[in-house]
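One structure is given here, and the rest of the page talks about it.
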Amino acid sequence: MRRSHWFFVLLIAYSLQLTALSGCGPTYPKDKIKESIVRLCKKEYKLDVKVATIGKTVALYLPLENLLDFTFALTQDAGEKINNVITSISRVTMSTDAEYDFYCVIAHDTRIPEIQVIIIRKVDDVKRYMYQDISRGEFGKRMLIDMRIAPQAQKERAVKDVFDKMNIDKKWQEGVMQDFFRSEPLTLGDIGYWGGKFYIKDINLPEFLAEQIASRVRLSFRDNKSLSGSFVLKSVKGIYSAPAQASDGERYFRIEISAEPRTMAVFTSKDMSDSLFAYALKVAYDVIHGYRFDDFDYVEIKSIADGRSSKVTKEDLYKYKPKQTKIDDVMVFDAF
């Protein structure tokens, strides 16, 4: 998704600059949000979309006939159409009397409906970019974009395979599926659209930041020659954990990184995880500091390859200065 990602970011940035220059748009009443977005997309771009809301999150579904090319990258036409619906949803969410924190765009290729592209943005980031409070580069990094197989499609196909093996009557299968296997997503990774239904959740800031840290690490491994030349990144997972009651336990971010050195003779296991810890710490600092988020007790970074983990308290993270602070001065390592 690398070249598609940045082509897409530039299109959005340009469109939002035009929107900002055009002055304040009309106010869209909160009870007409969905209709307003659908109408705007149809009137200005001749695009048919579906819109759903949950809590302070707006979701938009866009079916396309040419979402991906033969390399599984976004086509230019698809990028422009997705940009158009994002411009529409941005205009409405910033010109309404309703309070929305996030919007999510779900696009899929009608030829391969299982494959979906998911884009998530914080509405306030769009406002900050328009008022030049954050740079274009930073604005691009704050967008979550992912191409994945629709989670609900995977779930339903797996369950139907079980039904077939158990010889469950077809007339009962739909009822069981509806009662037990179709529910709102628990994580951002479960968001999607399948079978004519939205599978969305009310996105909160901590989980968005955890996903953004993981996303920035992935992008940096692709763009940073030093990192990509030294390591093969297998996976990155960002998690925010918090107890139901503030007094019940600690709140923390956990960043799990699975990577291996390209040349085994160059790094010891400790050297490798130390390098990953230092880099992930910088990314976590940039994200958490950039959003001025403080509802956490510590950040934990874990190397899946050797099982090592380290923690940085909130106080030490805010004292951290990239390129000036040694990781040993702020990190507490688990026994190895």
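Each residue of the range 56-62 is assigned a 3J(HN,Hα), and the resulting list reads 9, 10, 10, 10, 10, 10, 10 Hz, derived from the Karplus form 6.51 cos²θ - 1.76 cosθ + 1.60 (θ = phi - 60°), x at Gly and Pro.
The residues Y193, Y61, when put in order of fewest to most other Cβ atoms within 10 Å, stand as Y61, Y193.
For the chain, a simple Cβ point-charge model (Lys and Arg +1, Asp and Glu -1, everything else neutral) yields a dipole of about 800 debye relative to the Cα centre. Each of P206, V51, S275 was scored by the projection of its Cα onto the charge dipole of the chain, and the greatest displacement toward the positive side belongs to V51; charges sit on the C-beta of Lys, Arg, Asp and Glu.
With an a/c value of 1.5 or above and a/b larger than b/c for the gyration tensor axes a ≥ b ≥ c computed over the alpha-carbon atoms, the range 169-293 is described as prolate. Between (i) 185; (ii) 143; (iii) 104, which entry matches volume of the Cα convex hull per residue in Å³ as derived from the coordinates of this structure? Comparing each candidate, only (i) matches the computed number. Is the C-alpha gyration tensor of the range 12-170 telling us rounded, prolate or oblate? Criteria: a/c under 1.5 is rounded; beyond that, a/b larger than b/c is prolate, otherwise oblate. The shape class here is prolate.
Once the Cα-Cα distance is subtracted from the 0.36 nm per residue extended length, the D31 to E99 segment shows a gain of 23.3 nm.
Counted over the chain, the DSSP beta bridges are approximately 75% antiparallel. Ellipsoid fit via the Cα gyration tensor, the range 145-193: semi-axes of 24, 12, 7 Å, each the root of five times an eigenvalue, largest first. Taking GluC sites (Glu not before Pro) as exposed when DSSP calls them loop and at most 16 other C-beta atoms lie within 10 angstrom, the chain has its longest site-free stretch at 100-249.
If r is the Cβ-Cβ distance from D179 to R136 and R0 is 45 Å, what FRET efficiency results, to the nearest 0.05?
Details: r = 48 Å, r/R0 = 1.06.
Efficiency computed from Cβ-Cβ geometry: 0.40.
Pairs of Cα atoms nearer than 8 Å and 6+ residues apart set the relative contact order; for the chain it is 11 percent.
What FRET efficiency comes out for the pair A158/R39, r = Cβ-Cβ distance, R0 = 41 Å, nearest 0.05? The calculated FRET efficiency here is 0.60.
Using a simple spin-label model with pseudo-atoms 7 Å out from Cα toward Cβ, R251 and S228 lie 3.7 nm apart.
Couplings for the range 30-47, taken from phi via the Karplus curve 6.51 cos²θ - 1.76 cosθ + 1.60 with θ = phi - 60°, read 4, 7, 10, 4, 4, 5, 5, 5, 4, 5, 5, 5, 6, 5, 8, 10, 6, 10 Hz in order; Gly and Pro are left as x.
Would you calculate a helix-derived [θ] at 222 nm for the chain, using -39,500 (n - 2.57) for each DSSP H run of n ≥ 4 and dividing by the full residue count, to the nearest 500?
Numbers: 12 runs with 149 residues, N = 336.
The per-residue figure over the chain is -14000 deg cm²/dmol.
FYI, it's all coordinate maths here, none of it is from the lab. This is a predicted model, so every value here is computed, not measured. Virtual Cβ from ideal backbone geometry, glycine too; neighbours counted across all protein chains shown.
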